[in-house]
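Take a look at the structure set out below.
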Amino acid sequence: GENGAGKSSIVRAIALAIIGPMEAQALRLPLINWIKKNEESSDIFLTIQRDNFHDGYASKKAPLKRPFDVSVKIEKENSAGIEIGKLNGNDKPSTNPYEYIWSGKRGWFSASFGPFRRFTGGDKEWSKVYYSSPRAAAHLSVFGEDIALTESLDWLSHMKFQSFESVSSATDTLEAMKIFINDGELLPKGVKMTEVSSAGVFFNDANGFEVDVTQMSDGFRSLLSMIFELIRQMVKTYGEQEVFKDILANKHAISLPGVILIDEIDAHLHPTWQTRIGHWFTKYFPGVQFIVTTHSPLICRGCLNEDGELNGSIWRLAAPGSSESSGQLDEVSRDRLLFGNVLDAYGTGVFGTNTSRSKEGNLKMNRLAELNVKSRIGTISVKEESEMHELKTIFPTHA
């Protein structure tokens, strides 16, 4: 979707409903702004599938095996405040989310990441939320630009300190993190995680120099801060042994279930990383459902698995102010996006109109076509022939 189409709003709405009304208060959100003008309330509806093995529940009855609905209602209250509560048509939900996804029981793993992913520079006041409302904390960065993913570095440093005290779980965690990052086909060739110390987390770059992770390029910091924090949150939910058992057994992937939301996943990533980041996430976190927003056709190729089979869906949001409808891409547009080149992708209209070539570029293309015709019928001048050859160097595929 274009800027302003509502991509971030959808990600935030999903995150809010996953977090639930109790811990959502810790986000300090101006939720009155989420209500449409001239309306009294706003509703969010999700359908949730419980993982029978990993997700706990608080009910005394046998747990549901079928999917169930979760909903949140944001209301104006005489213009003086906002209430958040569950809603299901009659305000009487058939399944109580407080017995399942909002129960605080084990499992129900989820996390969100906004487009401003970095290790440092955030408002330190938010660090309190990690202790008071850990469920909401896993989604913090998607709600604001003043939130840094600093906790993951503190966590790794703490693991290093514990390893000095011969805490085996901490030693295993650091070893597993190195294996996962270095052997997991994520980083460009030659870049390796080398050391965790009280001074920071260090990598050897492609030139062989040791660099603190906070001093690496925007692309590295954007990606590594997200992955470090994702794994830290998984450890908080499932424990080190459960998260790292497959990695330490040389299986590399983390197969635990969950839902991950990433807004503008392509931010700061080079096109080569954009092309493979979706494959990497779904390969190394096969049990996780990823919901991501993007402006890049290269990211969309993550809907294919390594065997070229469809492994996801692509949805397009209508342009702001247009009469279009939002919805899932039709099969033809989807296949052009997934299997064509970048120009084919932009030609689908999914990324707006007139995006594949500038206005000036179109004029030059038309001029080349005109000169090609003149050349074929033998009416081209010497000066025009020189112009034609120059244009052919710009557009070799249309020569």
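Near I247, once Lys and Arg are set to +1 and Asp and Glu to -1 for all other residues with Cβ below 15 Å from its Cβ, the sum equals -2. Counting protein heavy atoms only, the chain has 49 percent of its accessible area on carbon and sulfur, 1.4 angstrom probe.
Straight-line reach from K61: taking Cα to Cα under 23 Å and skipping same-chain neighbours fewer than 8 places apart, the lysines in range are K86, K92, K105. Listed by chain and number, the lysines whose alpha-carbon sits under 20 Å from that of K374, ignoring those within fewer than 8 places in the same chain, are K364, K383, K392. Averaged over its residues, the range 223-341 has an accessible area of 45 Å² per residue, based on protein heavy atoms and a 1.4 Å probe. Once the chain from K124 to T379 is taken as fully extended at 0.36 nm per residue, the excess over their C-alpha distance is 84.6 nm.
Between the helical axis of 218-238 and the dominant principal axis of the chain, each derived from Cα atoms, what acute angle in degrees is found, rounded to the nearest 10? With both axes taken from Cα atoms, the answer is about 30 degrees.
Pairs exceeding 30 Å between alpha-carbon atoms, taken from K36/K124; K7/K76; K65/K236; K7/K178: K36/K124; K7/K178. Seen from S198, the other residues with C-beta closer than 13 Å to its C-beta sum to a net charge of -2, counting Lys and Arg as +1 and Asp and Glu as -1.
For the range 1-85, the solvent-accessible area of protein heavy atoms averages 60 Å² per residue (probe radius 1.4 Å; ligands and nucleic acids excluded). The order of the peptides 146-155, 68-77 by mean Cβ neighbours within 10 Å, most packed first, is 146-155, 68-77. Taking only DSSP H segments of four or more residues, each worth -39500 (n - 2.57), what value at 222 nm results for the chain once the sum is divided by all its residues, to the nearest 500 deg cm²/dmol? The per-residue figure over the chain is -11500 deg cm²/dmol. Helix 382-394 and the long axis of the chain differ in direction by around 20°, with both axes built from C-alpha atoms. Converting phi to 3J(HN,Hα) with the Karplus coefficients 6.51, -1.76 and 1.60 and the offset θ = phi - 60°, the range 30-38 yields x, 5, 4, 6, 7, 8, 4, 4, 6 Hz in sequence order, with x at every glycine or proline.
When you count the other C-beta atoms within 10 angstrom of each residue and take the mean per peptide, 257-268, 367-378 line up highest first as 257-268, 367-378. The angle separating the long axis of helix 151-164 from the principal Cα axis of greatest extent in the chain is about 60 degrees. A full extension of the chain between E390 and K105 corresponds to an added length of 95.8 nm, given 0.36 nm per residue minus the alpha carbon distance.
In this structure the amide hydrogen of T194, modeled in the peptide plane, comes within under 5 Å of the amide hydrogens of F202, F203, N204, none closer than 5 places in sequence on its chain. Applying 1/(1 + (r/R0)^6) with R0 = 25 Å to the Cβ-Cβ distance of N52 and L310 gives a FRET efficiency near 0.45.
Against the criterion of solvent-accessible heavy-atom surface with a 1.4 angstrom probe, F228, F143 sort, most first, into F143, F228.
Length available on full extension from E370 to E195: 0.36 nm per residue minus the Cα-Cα distance, which gives 56.8 nm.
The modelled label-to-label distance for the pair S132/S217, using points 7 Å beyond Cα in the direction of Cβ, is 4.0 nm.
The values are calculated or read from the model by the stated rules, or taken from the named source; none is laboratory data. These numbers come from a predicted model, not from an experiment. FYI the Cβ positions are ideal-geometry reconstructions off the backbone, even for glycines, and counts take in every protein chain you see. What goes into the accessible areas is simple: the full protein's heavy atoms, side chains included, and nothing from ligands, DNA or RNA. Shrake-Rupley method; radii C 1.70, N 1.55, O 1.52, S 1.80 Å.
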